[in-house]
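J.: Handing you this structure, nothing more for now.
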Amino acid sequence: MDNPPDAHEAQIIRSWNTNAKPWARAIQTGSIRSRKLVTDRAIIDAVSSVSPRRVLDLGCGEGWLARALSSLGMEVTGVDVVPALIAEAARLGGGEFHLQAYDAIANRQWRAGRFDAAVCNFSLLGKESVELLIDAMEDYLSPAGYLIVQTLHPVAACGDNRYQDGWRPGNWSGFSSEFRDPAPWYFRTLESWISLLRSRRFEVIECREPTAPDGVLPASVIFVGKRCSAEQTNRSDPH
């Protein structure tokens, strides 16, 4: 793709503003097959596995995950940059919701105390925005906090392209005709994802590959990262 990186990041936000209503409708009606069959339950199970009390849902959308985690006794705060999605999340309840852009969080302009875990459920689409957001987690997570990321599995999502990092055009394949203006997204290999988390002082303690009962390839990949100290990071660095 030929656009400059910040243009890609801006296009992601523009696309989600454009598609907020059909997205909320698709989530609430359960019309996204992969989510209904495997990935919704997979992210709930992954978050539950670390037994957090306070959870930060980054890119919470219309709030379905916050509601699901709240029903399990967790205290959830959701943030998203799309006004229509945050309004819908607030209307449906189940958590505390804030309209916040990733760059405001990355710049530490938003404060809400420390969380036991932060979760990103298919909400890390950019390049620089994602790197800066993960950088900032040291100021939002408790010292032994967790970052849990579910994203498209690189092997399944690579298609016929070369298996290397880079911007990819988006599409709404499998979605209704209401969706338009698909967002670009930054493809990362498995190695790049793990390297990104490790370089931000997260030990990847688990890597899950949820697969549908009739699936051939994983529907997604879930990284469970645990914060580690600078001393632990240096000790694990072979150099």
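Computed from the coordinates by the stated procedures, all read-outs in this text should not be read as laboratory data. The structure displayed is predicted, hence computed values, not measured ones. Cβ sites come from the backbone with ideal geometry, for glycine too, and all protein chains shown count toward neighbours.
J.: When only DSSP loop residues count, what trypsin sites (Lys or Arg not before Pro) in the range 1-104 have their Cβ near at most 16 other Cβ atoms within 10 Å?
T.: Answer by residue number: ARG53.
J.: Something else about it: Only helical DSSP H runs with n ≥ 4 go in: add -39500 (n - 2.57) per run for the chain, normalise by residue count and round the 222 nm mean residue ellipticity to 500 deg cm²/dmol.
T.: Taken over the chain, the calculation gives -10000 deg cm²/dmol.
J.: Remind me, relative contact order of the range 65-139 in percent, using alpha carbon pairs under 8 angstrom and six or more residues apart?
T.: Relative CO of the range 65-139 lands at 26 percent.
J.: Using only the alpha carbons, work out the radius of gyration and Dmax of the range 75-158 in angstrom.
T.: 13.4, 38
J.: Given H placed on each backbone N at 1.01 Å, which residues far from TRP167 in sequence or on other chains put an amide H within less than 5 Å of it?
T.: Correct list: PHE187.
J.: Could you list which residues have their amide H under 5 Å from that of GLY145, counting only those 5 or more apart in sequence or on another chain, with H placed in the peptide plane?
T.: Residues meeting the amide H criterion: ARG227.
J.: What's the long-distance tail for the chain, i.e. % of Cα pairs beyond 23 Å?
T.: 48 percent
J.: Moving on to the next point. Considering Cα pairs under 8 angstrom that are at least six residues apart, work out the relative contact order of the chain and quote it in whole percent.
T.: It rounds to 21 percent for the chain.
J.: I've got another one for you. Could you tell me the relative contact order of the range 112-239? Use alpha-carbon pairs under 8 Å, at least six residues apart, and round to a whole percent.
T.: Over the range 112-239, the number comes to 28 percent.
J.: Can you name the helices of the chain, as whole DSSP H runs, whose Cα span along the helix axis is 15 Å or more and whose Kyte-Doolittle mean is not below 0.0? Let's see the in-between values first.
T.: Working: long enough: 5-18 (20 Å, -0.94).
Helices passing the filter in the chain: none found.
J.: A follow-up question, please. Over all pairs of distinct alpha carbons, what does the Kirkwood formula give as the hydrodynamic radius of the range 1-123, in Å?
T.: Mean inverse Cα-Cα distance, inverted, gives 15.1 Å.
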